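Please treat every number below as a calculation from the coordinates, not as lab data. In this text, all values refer to a predicted model and were calculated from it rather than measured experimentally. Reconstructed Cβ throughout: ideal geometry from the backbone, glycine too, with neighbour counts over all protein chains shown.
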Amino acid sequence: MKGKNVLVTGGAGFIASHLIDRLVEKRAKVTVIDNLKDGKIENLEKSKNKMCFKKVDVRDYEGLQNIFKEKQIEIVFHFAANANVPYSVEDPKYDFETNALGTFNVLKSCMESDIEKIIYASSAAVYGEPEYTPIDENHPLNPISPYGASKLAGEKIGFAYYHTYGIPFVSMRIFNTYGPRQPRYVMSDFLKKLKNNPNKLEVLGTGEQIRDYCYVTDTVNAFMLATEKKNAIGEAFNIAGGKSISIKELAEEMVRILGLEGNTEIYYTGKSWKGDIIKLIADVSKITEMLEFKPKIGLREGISKLKDWFEKEVK
Ligand SMILES: NC(=O)c1ccc[n+]([C@@H]2O[C@H](COP(=O)([O-])OP(=O)(O)OC[C@H]3O[C@@H](n4cnc5c(N)ncnc54)[C@H](O)[C@@H]3O)[C@@H](O)[C@H]2O)c1
């Protein structure tokens, strides 16, 4: 990585900002773009003096082309997306234009440059409602939300360009990543609610939804391994912690870690949101075998780290 010209799209967002911290540590020459719709400049605080930030929207093809030329980009991490499933239901146009057409723009810019690798942040949402679990990479791809469909469109274009034009494309299908700087979803939702009222925790849905969590620095490790290993090109990999947990168990664990056991009443709304998938359990054999990926942070340790960050940083 040392001295490589790296582009991170969506870099002011949750996962990508952690990857940037790692790339900077490895002395890569990092350029970050984001339209700051959901991302925050504060997420880049740690690495701000060691990278270059430009406010560019991935829907703007010319803006992207200029960055690729000016910075002579060699490796691309493509994270820019609407990453919010309910928002994709509300505004499917923004979702499609960013996730599908934006990915096309990034890939087209890659075709015009001498790229070593492009690593795409895909999603477990591309699988849709599971036909079997654990879900391996050969599971049928039948997304049920506009978000799942637009992420799949981006991935499919990437693989088609790999086969047609030799674009060195890798797709990382992220299940549920959590950690500091995460702007949404269940963990930060629980922490916010418990901060406001430690006596009651409202959980959306029945609590029976199953998820497979991965701490953000482990997700970053998976992206780094995909960059280093030549055999990753042309492949899709699941990224998950490899241990599933129900939302009910997660709520109880969170309450325990916060020291609120016996004080907090947990109750369930019984109703989830449109596009929510009940059971997301990953088969991680492929990434374990091909990339030698092994998560280091267990769920309890990860939640404790998140809690410490939340208490310090979230006002
Ligand atoms: N967090 C997860 O568990 C998870 C799971 C599956 C997939 N992913 C994927 O990982 C990536 C990062 O997700 P995240 O959770 O860090 O979300 P995030 O919202 O924090 O990051 C996405 C970033 O993209 C930026 N962005 C949005 N539209 C843009 C546009 N048109 N042009 C330029 N930038 C734009 C946002 O401002 C934000 O900074 C996304 O591609 C998402 O689909 C995340």
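Could you tell me whether any residue of the stretch 158-167 is in a loop (DSSP other than H, G, I, E, B) and over 25 Å from SER272 (Cα atoms)?
yes
Considering only the stretch 125-144, how many residues are in a loop (DSSP other than H, G, I, E, B) and either under 15 Å from PHE175 (Cβ atoms) or touching a residue at least 12 places away in the same chain (Cβ under 8 Å) (or both)?
Here the count works out to 12.
Among what's in the stretch 14-25 and is crowded, with 24+ Cβ neighbours inside 10 Å and free of Cβ contacts under 8 Å to residues at least 60 places away in the same chain, pick the residue that is farthest from the ligand (Cβ to nearest atom).
Per the stated criteria, the residue is LEU23.
Name every residue in the stretch 166-182 that is near the ligand (Cβ under 7 Å from one of its atoms) and of a type outside the set (Phe, Trp, Tyr), in order of residue number.
ILE174, ASN176, THR177, GLN182
Quick grid of which residues meet (1) within 11 Å of the ligand (Cβ to nearest atom); (2) in contact with a Gly (Cβ under 6 Å, 6 or more places away or on another chain); (3) basic (Lys, Arg); (4) closer than 15 Å to THR227 by Cβ:
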position	(1), (2), (3), (4)
ASN5	no, no, no, yes
ALA12	yes, yes, no, no
ARG27	no, no, yes, yes
GLY39	yes, yes, no, no
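Condition check: under 23 Å from ILE15 (Cβ atoms) and in contact (Cβ under 8 Å) with a residue 40 or more places away in the chain. Does THR217 satisfy that?
For THR217, the condition - under 23 Å from ILE15 (Cβ atoms) and in contact (Cβ under 8 Å) with a residue 40 or more places away in the chain - is met.
Could you check the stretch 216-315 for strands (runs of 3 or more DSSP E) lying wholly inside it with 3 or more residues that are within 22 Å of LYS192 (Cα to Cα)? Reasoning before the result, please.
Details: elements: 236-239, 244-246, 265-268.
Passing ranges, in order: 265-268.
Considering only residues of the stretch 48-65 that are in contact with a Lys or Arg (Cβ under 9 Å, 6 or more places away or on another chain) and away from the ligand (no atom under 14 Å from the Cβ), which is farthest from ASP95 (Cα to Cα)?
In this case the residue turns out to be LYS50.
Can you name the residue in the stretch 79-123 that is in a helix (DSSP H, G or I) and β-branched (Val, Ile, Thr) and is also nearest to ASN35 (Cα to Cα) among such residues? Spell out the reasoning first.
Step one: of the stretch 79-123, the residues in a helix (DSSP H, G or I) are 85-90, 92-111.
Those left that are additionally β-branched (Val, Ile, Thr): 85, 89, 98, 103, 106.
Working: VAL85: 19, VAL89: 21, THR98: 11, THR103: 14, VAL106: 14 Å.
Among them, the one singled out is THR98.
Assess whether ASN263 counts as being of a type in the set (S, T, N, Q), free of Cβ contacts under 8 Å to residues at least 60 places away in the same chain and surrounded by fewer than 22 Cβ atoms within 10 Å (Cβ to Cβ).
It is false that ASN263 is of a type in the set (S, T, N, Q), free of Cβ contacts under 8 Å to residues at least 60 places away in the same chain and surrounded by fewer than 22 Cβ atoms within 10 Å (Cβ to Cβ).
Please specify each residue of the stretch 48-88 satisfying the condition of being among the acidic types (Asp, Glu) and in contact (Cβ under 8 Å) with a residue 60 or more places away in the chain. Quick ask: steps written out before the conclusion?
From the stretch 48-88, those among the acidic types (Asp, Glu) are 57, 60, 62, 70, 74; that's our starting set.
If the condition is that a residue be among the acidic types (Asp, Glu) and in contact (Cβ under 8 Å) with a residue 60 or more places away in the chain, then GLU74 is the only one that fits.
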